[in-house]
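Before any comments, here is the structure.
The values are calculated or read from the model by the stated rules, or taken from the named source; none is laboratory data. Values in this document were obtained by computation on a predicted structure and should not be read as measured data. Using ideal geometry, Cβ is built from the backbone for each residue, glycine included, and neighbour counts are taken over all protein chains shown. Note: areas computed on protein heavy atoms with side chains; ligands, DNA, RNA excluded. Shrake-Rupley method; radii C 1.70, N 1.55, O 1.52, S 1.80 Å.
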Amino acid sequence: MAAELSREVRQALRDIYYEERTGRGQAALALLEKASSAGDGDATCVLARCYCGRQYVWIGHGFPEDDDRAIRFMHRAVEQGSALGVLVALRSGELTPELERRMRFGSLREALEEAIELAESGDAFSQYVVGNVYFWWDFLRIDGKDRDSFPSHGAFKAYLKENISKCEDWFWKALRGGMYFAANNLAHYYEKGDEDIIAPHPEKVRDLWRISAEYGHPLHQAVYADELTKEGRKADALRWYQAAADGGHPGAWYDVGRCYFNGEGTAKDAARGVACFQRELARDPLHTGANNLLGKAYLQGDGVRQDYVSAYRHLFTAYDKQGSTWGVFYLAQCCFNGWGAPQDYGKALAFLDQVGWKNAEADYMRGYIHARGLGVPEDIPRGVEYLKKAGDFEKAREELRCYKKTLFGKWVRRR
């Protein structure tokens with residue numbers, strides 16, 4: 001194929017990678033499907049990446065992850081004569097000797113040279129693909145070399161260092177051109193280095209997320225916000241969470257809502273937080289954090305009218321569908337008191353058994369259930385032990401007054 005991307009591929013790359021927040025991902029996918037069917041190997045190559053999952057394409061596009069389909073497209077891209085397709089198939093472990101024989105290049109080096117020509121013309125996706133050749137050591141197979149090709153181990157290491165280090169410049173070009181995934185590999189390159197060949201430079205990583213965030217990529221706006229949160233710069237973090245949410249990054253409305261609901265980096269505004277949680281759940285009804293905090297909001301009437309039924313539903317969704325134990329104390333309260341669910345002491349105790357942190361009210365409920373034999377065999381000594389553990393919790397102190405110790409040291413119920 002000529003070392004020039006088609007108009008369709010250039011448009012799709014803008015919508016999928018370079019300007020992804022515009023929300024045209026699905027239209028770009030359809031455009032690639034059509035171009036691929038017409039024989040455009042580069043379109044087929046990009047299409048393969050679209051079906052490879054969140055490791056290769058922004059989750060906000062909502063593309064289905066389909067490994068079998070991705071592999072079929074990789075093979076087709078090679079057969080259709082795409083140099084990028086050859087390198088992507090090589091990187092993915094799909095360029096078998098048989099498939100290599102079917103490619104339209106005289107050698108892997110020839111395919112790389114054409115990809116470099118595309119990269120030098122300024123295409124960020126091509127720059128990213130070329131960067132990966134050096135980052136992942138694919139140049140060894142392309143050049144047909146290994147340790148035995150060199151007179152000494154030192155010469156081999158010098159060859160490796162010369163080639164591996166090329167990835168840095170290519171990834172920076174790709175990132176500046178809009179290929180935000182290049183930042184992920186650059187981060188690994190700086191954090192870890194490469195064996196004893198490339199020294200790590202972890203101090204460079206933080207700037208990557210800031211730069212990519214400033215370029216407008218929702219994924220890295222959320223990542224940068226997480227970093228700012230860790231540093232305690234919560235007001236700045238909220239600003240970037242908001243940018244990520246406005247750009248359509250999944251989960252970002254929850255982060256914005258959490259900041260307002262808890263007063264992190266801003267004045268507490270529970271009602272605004274609730275609205276953000278509801279917006280997140282409109283996108284993903286199973287979102288763990290949004291269900292948990294919205295459940296808490298309904299349970300306590302914080303930012304929304306108190307509604308035990310809604311509280312239990314959201315908390316139980318996070319617990320049952322996503323395996324989250326964050327809200328087990330609140331679920332225990334609901335079952336213990338009959339709030340939004342039938343009163344069920346056995347179920348309450350099952351939730352309480354998962355409360356692994358110090359909680360006076362949880363100890364009170366445990367003590368009450370065991371001492372009175374509600375849903376479990378009566379065990380007054382065990383119940384009293386929990387009630388004492390609850391300390392100054394008023395209900396626990398009241399319940400303790402219902403029991404006394406006999407002369408023989410046995411705990412019994414007062415008559």
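Observations
- Between the helical axis of 124-135 and the longest alpha-carbon principal axis of the chain there is an angle of about 90 degrees.
- 222 nm mean residue ellipticity, helices alone, for the chain (DSSP H n ≥ 4; -39,500 (n - 2.57); rounded to 500): -19000 deg cm²/dmol
- 3J(HN,Hα) from dihedral phi, segment 118-123, Karplus parametrisation 6.51/-1.76/1.60, rounded to Hz, x for glycine, proline: 5, 5, 5, 6, x, 6
- Degrees, to the nearest 10: 41-50 long Cα axis against longest axis of the chain: 10 degrees
- Anchor LYS268: lysines whose Cα lies under 16 Å away (excluding residues fewer than 8 positions away in-chain): LYS234, LYS296
- Less than 5 angstrom separates the built amide H of GLY373 from those of ASP379, all sequence-distant by 5 or more or on a different chain.
- Dipole moment magnitude, nearest 20 debye, the chain about Cα centre, only Lys, Arg, Asp, Glu C-beta charged: 2540 debye
- With Cα atoms, 0 to 90° folded angle of helix 25-37 axis to the chain main axis: 40 degrees
- A simple rule links phi to the HN-Hα coupling: the Karplus curve 6.51 cos²θ - 1.76 cosθ + 1.60 with θ = phi - 60°, which for segment 149-165 gives 7, 10, x, 8, 5, x, 5, 5, 5, 5, 5, 4, 4, 4, 7, 4, 5 Hz, with x for Gly and Pro.
- Close lysine pairs were tallied over segment 100-230: pairs 8 or more places apart or on different chains with Cα atoms under 27 Å apart number 18.
- For segment 216-300, the fraction of alpha-carbon pairs in successive 5 Å shells from zero, as %: 3, 18, 27, 25, 19, 7, 1, 0
- Rolling a 1.4 Å probe over the heavy atoms of the protein chains gives segment 1-117 an accessible area of 45 Å² per residue.
- Per-residue Karplus couplings for segment 228-241, computed as 6.51 cos²θ - 1.76 cosθ + 1.60 with θ equal to phi - 60°, are listed in order as 5, 4, 4, 7, x, 8, 6, 5, 5, 4, 4, 4, 7, 4 Hz, Gly and Pro entered as x.
- Within segment 107-148, the proportion of C-alpha pairs whose separation exceeds 11 Å stands at 63%.
- Across all C-alpha atoms in segment 250-328, the radius of gyration and Dmax reach 11.2, 33 Å.
- Over segment 256-415, all Cα pairs binned in 10 Å intervals from 0 give whole-percent P(r) values of 11, 33, 29, 16, 8, 2, 0, listed from short to long.
- Global geometry of segment 95-230, whether rounded, prolate or oblate, following the gyration tensor of its Cα atoms and the 1.5 cut on a/c: oblate
- Cα centroid of segment 289-323 to Cα centroid of segment 211-254, whole Å: 25 Å
- Prolate/oblate/rounded label for segment 202-248 (Cα gyration tensor, a/c 1.5): oblate
- Note that segment 3-131 carries a Kirkwood radius of 14.3 Å, evaluated over its alpha carbons pair by pair.
- Relative to the current alpha-carbon distance between LYS321 and ASP196, full extension at 0.36 nm per residue lengthens the span by 40.5 nm.
- Calculated accessible area for segment 343-413 comes out at 59 Å² per residue, all protein chains present (probe 1.4 Å; ligands, DNA, RNA ignored).
- Globularity ratio of segment 7-69, using Cα Rg and 2.2 N^0.38 Å: 0.99
- For the chain, the pair-distance distribution built from all alpha carbon pairs, in bins 20 Å wide starting at 0, is 22, 39, 26, 12, 2 percent.
- Amide H partners (placed H, <5 Å) of GLY263, local residues excluded: ASP269
- Dipole magnitude (debye, nearest 20) for segment 132-256, charges at Cβ of Lys, Arg, Asp, Glu: 140 debye
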